[in-house]
1. Looking only at region 226-257, how many residues end up being in a helix (DSSP H, G or I) and either at pLDDT below 95 or of a type in the set (K, R) (or both)?
2. Pairs only if they're at least six apart or on different chains, beta carbon under 6 angstrom, first in region 282-303 and closer than 17 Å to H317 by Cα, second assigned to a loop (DSSP other than H, G, I, E, B) and of a type in the set (S, T, N, Q); list them, first residue then second.
3. Is there a residue in region 190-200 that is in contact (Cβ under 8 Å) with a residue 60 or more places away in the chain and crowded, with 21+ Cβ neighbours inside 10 Å?
4. If a residue must be assigned to a strand (DSSP E or B), touching a Ser or Thr at 6+ places or on another chain (Cβ under 6 Å), within 14 Å of P149 (Cα to Cα) and more than 11 Å from the ligand (Cβ to nearest atom), how many such residues does region 173-194 contain?
5. Look through region 107-123, keep the residues that are modelled with pLDDT of 95 or more and of a type in the set (A, V, I, L, M, F, W, C), and return whichever of them is farthest from the ligand (Cβ to nearest atom).
6. Suppose we filter region 125-153 for residues that are polar (S, T, N, Q) and within 16 Å of the ligand (Cβ to nearest atom); how many remain?
7. Exactly one condition in (1) away from the ligand (no atom under 16 Å from the Cβ); (2) loosely packed, with under 13 Cβ neighbours inside 10 Å is false for V87; which is it?
8. Out of (1) over 19 Å from L239 (Cβ atoms); (2) in a loop (DSSP other than H, G, I, E, B); (3) touching a helix residue (DSSP H, G or I) at 6+ places or on another chain (Cβ under 6 Å); (4) of a type in the set (G, A, S), what's the single condition that is false for G79?
Amino acid sequence: MTREKILDFLKRKQDYVSGDLIAGRLAITRQALWKHIQELKDSGYDIVAVPHLGYKLVSCPDRLFPHEISSHLDTRLIGKKIYYFDVLPSTMDTAMGLGTKGAPEGTLVVAETQTKGKGRLGRVWFSPKYKGVYLSLILRPDILPNQAPVLTLLSAVAVCEAIKEVCRLDTQIKWPNDIFLNNKKIGGILTEMAAETDRVSFVIVGIGLNVNNDKKLLISGASSLKEEKGEPVNRLQLLQELLRRLESNYSLFRKKETVRILDKWREYSMTLNKRVKVYSHKEHIEGQAQDVDADGGLLVRVDSGITKKVMAGDVVHCR
Ligand code: BTN
């Protein structure tokens, strides 16, 4: 707490602040202040100390520290409780464990890297350290399991909105939840659910974004915000905006205004009105992607003229 307050002081002043002043305001000794400053320096904050002038914050580390995420974050639910890790196998497993133990709705798990990042359909999500945003969010909506896919759609909308706001880039969604930029994948969403009989107990929304990844470390067909924008992106600002957008879209969902989420999803969609091949565990179908319905399912008009609804699977755009 004290360290956060010291940081706040230094950030607001953007110049030298006398040690006496900070110590006095926080009612701590000069030695205690010095110790806190050393700890801040150890975690990457560049703080210079000049006799008679005091301390000055030169730069902050590129880290998603919880106190930085919470700073000036005005959400009421999303990210109110944050678990931060330098390294985790997967934020999904940690969030699942926390959810099972009763962690409140809105609890956020963030990691700087994942050693076993999980993608959809059993794939791996490459999570290089300090390059991306890797998070899992615990939600406890009062819904039936078949309504859960809408949470994925609303998360995809939140991602596109946040990227637009922070990076001024126009992303698109490939059904159900791949985030594309200039026809290259830059993010994905994985949703897992814990349900009891016919009621959802909680849902984990996992979001992975390639933010400052270098081209040479990206697989073919993938890119990062930095590569497409031509300059690095502030991961912290992006994450904060993402939490705000998740909160506003989740609030629409809770007010049963799913129609508004779907309308936004349609605007961001790169799948609708395309000829698609859908590979699901049940069947392979080919046809025209027509719409998403209120459950988040994709409606595909196959060549016989029938419209089929797909709830999960891999989509390939034919043209
Ligand atoms: C996909 O497009 O296949 C979904 C990728 C989801 C990746 C994120 S990164 C944070 C969270 N933890 C994981 O292990 N996976 C999700």
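The values are calculated or read from the model by the stated rules, or taken from the named source; none is laboratory data. Because the structure is predicted, anything quoted here is derived from the model rather than measured. Because the Cβ atoms are built from the backbone with ideal geometry, glycine has one as well, and the counts that use them run over all protein chains shown.
1. Initial filter on region 226-257 (in a helix (DSSP H, G or I)): 226-229, 235-254.
From the residues that got through so far, the ones that are either at pLDDT below 95 or of a type in the set (K, R) (or both) too are 226, 229, 235, 244-245, 254.
Number satisfying all stated conditions: 6.
2. Within 6 Å, the pairs are A289/T271.
3. Looking through region 190-200, at least one residue is in contact (Cβ under 8 Å) with a residue 60 or more places away in the chain and crowded, with 21+ Cβ neighbours inside 10 Å.
4. Result for region 173-194: 1.
5. Filtering region 107-123 for residues that are modelled with pLDDT of 95 or more and of a type in the set (A, V, I, L, M, F, W, C), the one farthest from the ligand (Cβ to nearest atom) comes out as L108.
6. Going residue by residue through region 125-153, those that are polar (S, T, N, Q) are 127, 136, 146-147, 152.
This time we only want the ones that are within 16 Å of the ligand (Cβ to nearest atom), so: 127, 136, 152.
Here the count works out to 3.
7. Going through the list (1) away from the ligand (no atom under 16 Å from the Cβ); (2) loosely packed, with under 13 Cβ neighbours inside 10 Å, V87 breaks only (1).
8. Status for G79: all satisfied but (1).
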